[in-house]
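In what follows, a structure is listed as structure tokens, so that the remarks can point back to it.
The values are calculated or read from the model by the stated rules, or taken from the named source; none is laboratory data. Keep in mind it's a predicted model, so treat the numbers as computed, not measured. All Cβ positions, even for glycine, are placed from backbone atoms using ideal geometry, and neighbour counts span all protein chains on display.
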Amino acid sequence: MQINNEFKPKIVAFCCNWCSYAGADLAGNNRLAYPECVNIIRVPCSCRVNPIFILRAFQRGADGVIICGCHPGDCHYTSGNYYTRRRMALLFSMLNYLGIEKERIRLEWVSAAEGAKFAATMNEFTEAVTALGENKRLEDLRCKK
Amino acid sequence: MQKITCESLIEKACELIENGTVSRVIGWKKGEFDYDLTPAVFANADEIKKNFIYNDFSGANFSKYLIKETRKGEGKVLVFLKPCDTYSFNQLLTEHRFDREKVYAVGIPCEGMADIAKVKAAVGDGILKITSEGDELIVENLYGDVNKVKLADVLAERCVNCKSKKHTAYDELMGEDGEILDNNRFDEVEKLENMTEDERFAFWQNELSRCIRCNACRDVCPACTCEKCVFDNPKSGVENKAIADSFEEKMFHIIRAFHVAGRCTDCGECSRVCPQNIPLHLLNRKFIKDINTFYGEYQAGEVEGSRAPLVNYTEEDIEPNDAVKREE
Amino acid sequence: MSKEMENLKSEIIRSSGVNPKKCMRCGKCTGTCPAFDEMEYHPHQFVYMVESGDIEPLLNSKSLYKCLTCFACVDRCPRGVEPAKLVEAVRLSVIRKQGANHLKADDIPALLDDEMPQQAIVSALRKYSK
Amino acid sequence: MQRIGVFVCWCGSNIAGTVDVEKVSEALKNEPGVVFSTNYQYMCSQAGQDIIKDAIAEHKLTGIVVCSCSPRMHEATFRKTAAAAGLNSYMVEIANIREQCSWVHKDMQSGTEKAIILGKAAVAKVNLNAPLTPGESPVTKRALVIGGGIAGIQTALDIAEAGFPVDIVEKKPTIGGKMAQLDKTFPTLDCAACILTPKMVDVAQNDKIRIFSYSEVEEIGGFVGNFTVKIKKKARYVKEDVCTGCGICTEKCPQKKVPNEFNMGMDNRRAVYIPFAQAVPKVATIDPNYCTMLKTGKCGVCAKVCTAGAIDYTQKDEIIEEKYGAIVAATGFNPISMDKFDEFAYNQSKDVITSLEFERLTNAAGPTAGKLLRPSDGKHPHTIVFVQCVGSRCDACAEKGKEYCSKICCMYTAKHAMLTRDKYPDTDVYVFYIDVRTPGKAFDEFYRRAVEEYGVHYIKGMVGKVSPEGDKLMVRASDLLANKQLNIAADLVVLAAAIEPDKSARPLATMLTASMDTNDFFTEAHPKLRPVESPTAGVFLSGTCQGPKDIPETVSQASAAAAKVIGLLAKDKLMGNPCVAQSNELMCNGCSSCERVCPYGAITYADKEFRMPDRTVAIRRVAMVNEAVCQGCGACTVACPSGAMDLKGFATSQIIAEVDAICK
Amino acid sequence: MKKVAYFPGCTLKTKAKELDRYARKSAEALGFYLDEIENWQCCGGVFTTSRNEIATKLSSVRALADAQKKNQTLITVCSACHNVIKQTNHAMQTDEEFALKVNNYLGAGNEYDGKTKVLHYLEYLRDEVGFEEVAKKVVKPLTGKKIAAYYGCLLLRPNSVMAMDDPENPTIIENLIKALGGEAVVYPYRNECCGGYIALEDADSAKKKSTSVVASARSHGAEIIVTACPLCKYNLEKNNPEAKVVYFTDLLAEALGVKEDGNE
């Protein structure tokens, strides 16, 4: 337990520009706190997130990756998040099949109005990843300091 | 059913090349042994008569060769397609990878191909000659022994779980067409799914750690036909020539399988050619199984022009978080 | 809703395969029903009362035995609710109980006449008894 | 190697309160490419912007990173600043250290660490930025409106009013659409013809508007600002420019038994006809399915009586090709077929009619000259039953009805009921309703008037069956509030049939690569904020082709669509978003994966020649992105297996650089 | 001669023998043979819509399985049997859970997979024989007879399963009447319920319904009412003694000239 308390995970959050990134901004506007370990990368749409980016993040030392996009049906580009949903469903299932802890990767739909949901999601996700500890199953030792 | 023999294929190939229907033939050529056949292109009847071979080891799927071959020269290319090959053939057509007009496809029935590893396991090494007789293989070895094995006992994995004896594309069919089969190809995937996370990790760690990154699986894959592969592209973020870390193995195989998800025809070539005997088809099949459960039955290559599941969607698709069992 | 009614409701919904939530309360079933005059609770009320868990009155109602299973409500419902199936499921929940048969074999001879086809007897027994 | 400047903003204490800005600018100094780093109280202020401009000049910066508030706040500001200093505005990246750092974190030390990480990610990205120039394309200053109903008419008039030429394509021989068939309009009860026909005349007289009546769109190519459209002018066998519309041919034609579609088939017209008196263009049309001359070569009466010599039996379909900058879909609606609802006996009795047929029966120009008479025997009906929601709100089976509410039926039924009671107080009028939906200005008051002043019997319930018995229609229905089953002996039953998009909309959407919903209504670019635009750039939506609407709504949407078109045509050049997809031809497989996920139809294919290493030439199919159409979502980049497709501004290498910087 | 599997049902062996007899005779005259399946049991008369009602549907499933073994289409004449068997078949095809339970009852080797095609005799005439062919075989046309088709409920509903005709404006019997040379009378109550089995315990209710059906047919000029259902015939006749109600097979046999007592 002691170790877990000190362990600070590294989390990459891919947020779509139109909904989730704005939702994150709203969390800021409302001063809704979430852990510092969450780092946001802005993409135009969740459908821009290539599985390669996710694996790359794990390789370089991320302990958790979360993808956020507009709610299905609300995509700024009408259909982008529907493709994201299929790609990620298959990717998540595959990672789990390979024995990677399923709690390390997640997809959440966060609208521009859901600042509170953004903060809550990040708190919850960080907690789940912290409980798992360091990412060992998808680590690249060469990238570790 | 009419058994297709090497002679009947040679006859057909010669006929088509001599009457001008085709100018080249893609076929199998004998290697060092009866069982190591290599793909070859024949340009005239003499070559065909001399070197063309077809036997229980003619497993290679020629669909992929059509991409390069149809871009060369004039005239049509003759290709012999087993039922499973026609799926790859169709999938490549769907992806506009070659000009259908430049191909003359002859469908040939298939009762399954043999796996030399299984033959060796059954009769030992030192094989000199293998001939086929009815449903048996006659194996002669260095020491003058003659052993018989049933083809059914040494079938390649993909043939054990053959998904279809039905040709989905051809210009001409030799023999009779078969049916799409019920099969148990997802049993092994299911077995893995039923393991715990830790067990699965251990299983794949053990399998994938043997990967030597020879790229044979990619090179043979009829879906991996990219003009430039991401694994050869320094800008892709996944380029790496050799396995340097256990992560690389996983990265390579996940991305490879993901790139062919919804396009893979489950031909099993990846596992067939893997020098390390990694069951790579279990990755592809996982995607196929997931696609079937999540989005409805879909078999790449069954229908030319069909919309692959990853370039499609419905408004009610499963949520990724629910795609992974949460109850464990 | 009492626990008992809750269970009964879910049993009725399960065995009928009907989703009463789909009902938009247009009343076309009741406007269609040929047995309207004989019923105290009408098809739309069956749907509404099952949905709201007010099932007790239905269990004791003669309406259960007045439905002709003519399927007119099933065919004409614009929402695909299929009220007749719900009536059937409520009736089954009653007559499946011990001794709750609405029609007993002994009663039948008195009801017959010479011309009545077998079909009428077996059908009525199916509908009214277990 | 880039020469990057980093500018850390304090935002007063908003950032500086939780983030040690000095430390951040200091730390980022050591990042690769960074040649200058500073911090300032308010970077967005004039003074702050001057610091940036000066640094760009002084340090010959090729890229800048501003660590400040959200890019959604000031990215545009700093891009302008950069451009003012001669730097390409897409060489600017923002590290969001306010909304996503200082405002959500409390601890100075960890907040500062995170700000540094975000700054590093931005620097890593800028290192890979390339100057981007928005694509430019010219705009053809002409609009096409497809459909000549009230929606198309209003859109065309508004566009023409702004000075742009506009063409209307209408498949019928006249413009006017459904509104021309209506009698009165709710809730004001003006006569439809009185308010519509002047607009039709305006269209005819406006020299900016061309009408292609009796014409259909055959083919659409191109993209926003540059559409090329092929229009088929069907042969009407009458020279449009010669015909005076005198109508003598339509009186003399011996073929009298052609169902008159304008009157919903309730009376007949001739084989040569003008749909109605106020038709625009007012020229005759010969119906080839009925004309004896065209079918057998014997007759020619119309040619003989035409003093103008306008009849031409040899006329052929004509294809016209025209260029447009914008296209408006205004294809309208139709009532659905009543075939699947024969419990209401529509196919069994002439006295069961749809509401649109009722309109014609009460219209002075209709088959009964406006007298409400039963189609079967011409008698005056004394009991009329109106049935609402016939096929609307019906999801029992898709081939039968429509799941949606058709929106207009409650109001027009109230109108019909009210007008009937007004003209014929001896009639009993029943309206069976599921809900009465009357949102709209003066709508509910209108409905209440029907009930309270005109004594219309509104009954909450639904008709189950209509049985023609003798000269009556026995209506069996429920009265849910009274818990009764009613049996009404009616003389006329009027069905409020659901409305559905015109059948021509689906093939049109395919030609336009515009998306549709499952009901074949056109989809909006955004359901709330861009309701008159299709997601396909340059395509706009007017009227009921987008969803059920009444006339006032249709007209306002039509004008809104016109405003959007005018806004587009007013530009000489279209500046695109430069952050668009681009395909690397050398890597492209031509597999069509990208094309299939593109919501905008921005990807096309071409066969290109490639010189192979062995000096041969190979022809390959490769994808090409139309930059004017691409909106930059990036769906294609992931669909592409080879990685040939990339997104400018959010390139694979840039995102990977950010990932690496964050995870370091 | 083409054979089709045939499920007569219990009433056709007792109270409605003529329905059965003329069905067989007419079939032979039209060139097909009704091959009665062995050991059939009563269908139960009504379909219980409940998904967990298994036992009462087994007899129908057995009949379906029998027909499948013969690799034949299964034909019924009685509307009630037809309704029950078609609905059971539909449940076997669409309700996996139900099918599983049923097949558990049937036992290994006797499973039924839902592949039998169930047709009503009328459908067979329309779709397989063709009314035009029937018309060609007519020797004693029903010229001048005003005949009203009475469908009742069971032939048409639920339409999603029966899929025989437009349930609100059917034409199949009318077209048969026309093919036989008669004049078809169309009236609105032809798809209304006669009262059905309720006649057993609520004769008044059945009377009300039956009399309105007959009144409607008459007011439209019908002389003869034709039905496919013994119970419909019973209810209509019982409550309207003056009405002439006959089975469709009766008219068919008459027109084809295979009815013994043609002078009735």
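General remarks:
- Residue check for D:G440: modelled with pLDDT of 95 or more and at positive phi: no
- Residues of region A:58-74 satisfying the condition of being over 18 Å from D:V638 (Cα atoms) and either surrounded by 24 or more Cβ atoms within 10 Å (Cβ to Cβ) or more than 8 Å from chain D (Cβ to nearest Cβ) (or both): A:F58, A:Q59, A:A62, A:D63, A:G64, A:H71, A:P72, A:G73, A:D74
- Sole residue being under 26 Å from B:A152 (Cβ atoms) and touching a strand residue (DSSP E or B) at 6+ places or on another chain (Cβ under 6 Å), chosen from B:I48, B:I26, B:I53, B:I10: B:I53
- Residue in region C:67-123 that is nearest to the chain's Cα centre (by Cα), counting only those that are of a type in the set (V, I, T) and more than 7 Å from chain E (Cβ to nearest Cβ): C:V87
- Among all residues of region A:132-142, there is none that is of a type in the set (G, A, S), surrounded by fewer than 24 Cβ atoms within 10 Å (Cβ to Cβ) and either without any contact (Cβ under 8 Å) to a residue 12 or more places away in the chain or within 8 Å of another protein chain (Cβ to nearest Cβ) (or both).
- Within region B:282-299, tally of residues that are in a loop (DSSP other than H, G, I, E, B) and within 14 Å of chain A (Cβ to nearest Cβ): 2
Here's the yes/no breakdown for (1) surrounded by 20 or more Cβ atoms within 10 Å (Cβ to Cβ); (2) among the β-branched types (V, I, T); (3) touching a Lys or Arg at 6+ places or on another chain (Cβ under 6 Å):
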| position | (1), (2), (3) |
| --- | --- |
| D:E343 | yes, no, yes |
| D:Y346 | yes, no, no |
| D:E359 | yes, no, no |
| D:N363 | yes, no, no |
| D:K371 | no, no, no |
| D:R374 | yes, no, no |
| D:G378 | no, no, no |
| D:V385 | yes, yes, no |
| D:C389 | yes, no, no |
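- Count of region D:392-428 residues which are within 14 Å of chain C (Cβ to nearest Cβ) and assigned to a loop (DSSP other than H, G, I, E, B): 15
- Options E:E38, E:E53: the member that is away from chain C (no Cβ under 14 Å) and either of a type outside the set (S, T, Y) or surrounded by fewer than 19 Cβ atoms within 10 Å (Cβ to Cβ) (or both): E:E38
- Within region B:200-223, considering residues that are touching a helix residue (DSSP H, G or I) at 6+ places or on another chain (Cβ under 7 Å) and touching a residue at least 60 places away in the same chain (Cβ under 8 Å), the one farthest from B:V324 (Cα to Cα): B:V220
- Whichever residue in region D:561-588 is under 21 Å from D:A639 (Cα atoms) and either more than 10 Å from chain B (Cβ to nearest Cβ) or hydroxyl-bearing (S, T, Y) (or both) and, among such residues, is farthest from the chain's Cα centre (by Cα): D:S583
- Residues that are buried (at least 24 other Cβ atoms within 10 Å of the Cβ) and of a type outside the set (G, A, S) were ranked within region D:130-157; the one that is farthest from D:Q2 (Cα to Cα) is D:I150.
- Extreme residue, surrounded by the fewest Cβ atoms within 10 Å (Cβ to Cβ), among residues of region B:71-108 that are within 14 Å of chain D (Cβ to nearest Cβ) and among the aliphatic types (A, V, I, L, M): B:L93
- The residues on offer are D:C591, D:C636, D:C630, and the sole one that is within 11 Å of chain A (Cβ to nearest Cβ), in a loop (DSSP other than H, G, I, E, B) and crowded, with 23+ Cβ neighbours inside 10 Å is D:C630.
- Matching residues, region D:577-586, being part of a loop (DSSP other than H, G, I, E, B) and buried (at least 22 other Cβ atoms within 10 Å of the Cβ): D:V580
- The residue that is farthest from B:F89 (Cα to Cα), among those in region B:265-281 that are β-branched (V, I, T) and in a loop (DSSP other than H, G, I, E, B), is B:I278.
- Of the strands (runs of 3 or more DSSP E) contained entirely in region B:91-153, those carrying at least 3 residues that are of a type in the set (A, V, I, L, M) fall at B:103-107, B:127-133, B:136-141.
- Check on D:I51, part of a helix (DSSP H, G or I), within 49 Å of the chain's Cα centre (by Cα) and within 20 Å of D:K120 (Cβ to Cβ): no
- Annotation note: of A:F92, A:F125, the sole residue that is at the interface with another protein chain (Cβ under 7 Å from one of its Cβ atoms), buried (at least 23 other Cβ atoms within 10 Å of the Cβ) and not basic (K, R) is A:F92.
- Positions within region E:179-199 being of a type outside the set (A, V, I, L, M) and either at positive phi or assigned to a helix (DSSP H, G or I) (or both), in sequence order: E:G181, E:P188, E:Y189, E:R190, E:N191, E:G195, E:G196, E:Y197
- Being modelled with pLDDT under 90, closer than 23 Å to B:I116 by Cβ and more than 7 Å from chain A (Cβ to nearest Cβ) holds for only one residue in B:G305, B:G268, and it is B:G268.
- From the options D:K350, D:K316, D:K298, D:K282, residue that is outside the structural domain of D:V166 (by TED's automatic domain parsing) and among the basic types (K, R): D:K350
- Flag: B:K12 matches the condition of being modelled with pLDDT of 90 or more, over 22 Å from B:C159 (Cβ atoms), touching a Phe, Trp or Tyr at 6+ places or on another chain (Cβ under 9 Å) and basic (K, R).
- Only listed residue being within 12 Å of another protein chain (Cβ to nearest Cβ) and either hydroxyl-bearing (S, T, Y) or touching a Pro at 6+ places or on another chain (Cβ under 8 Å) (or both), chosen from B:E176, B:E207, B:E197, B:E193: B:E207
- The sole residue among D:A277, D:A308, D:A303 that is part of a helix (DSSP H, G or I) and either out of contact with any strand residue (DSSP E or B) (no Cβ under 7 Å at 6 or more places or on another chain) or without any contact (Cβ under 8 Å) to a residue 12 or more places away in the chain (or both) is D:A303.
- Residue match in region D:617-625 (condition: surrounded by fewer than 23 Cβ atoms within 10 Å (Cβ to Cβ), among the β-branched types (V, I, T), assigned to a loop (DSSP other than H, G, I, E, B) and free of Cβ contacts under 8 Å to residues at least 12 places away in the same chain): no
- In the set A:Y77, A:Y34, only one residue is more than 21 Å from A:T126 (Cα to Cα) and within 7 Å of another protein chain (Cβ to nearest Cβ); that residue is A:Y77.
- Residue ID - nearest to the chain's Cα centre (by Cα), chosen from residues in region E:58-86 that are crowded, with 24+ Cβ neighbours inside 10 Å, within 11 Å of chain C (Cβ to nearest Cβ) and assigned to a helix (DSSP H, G or I): E:S79
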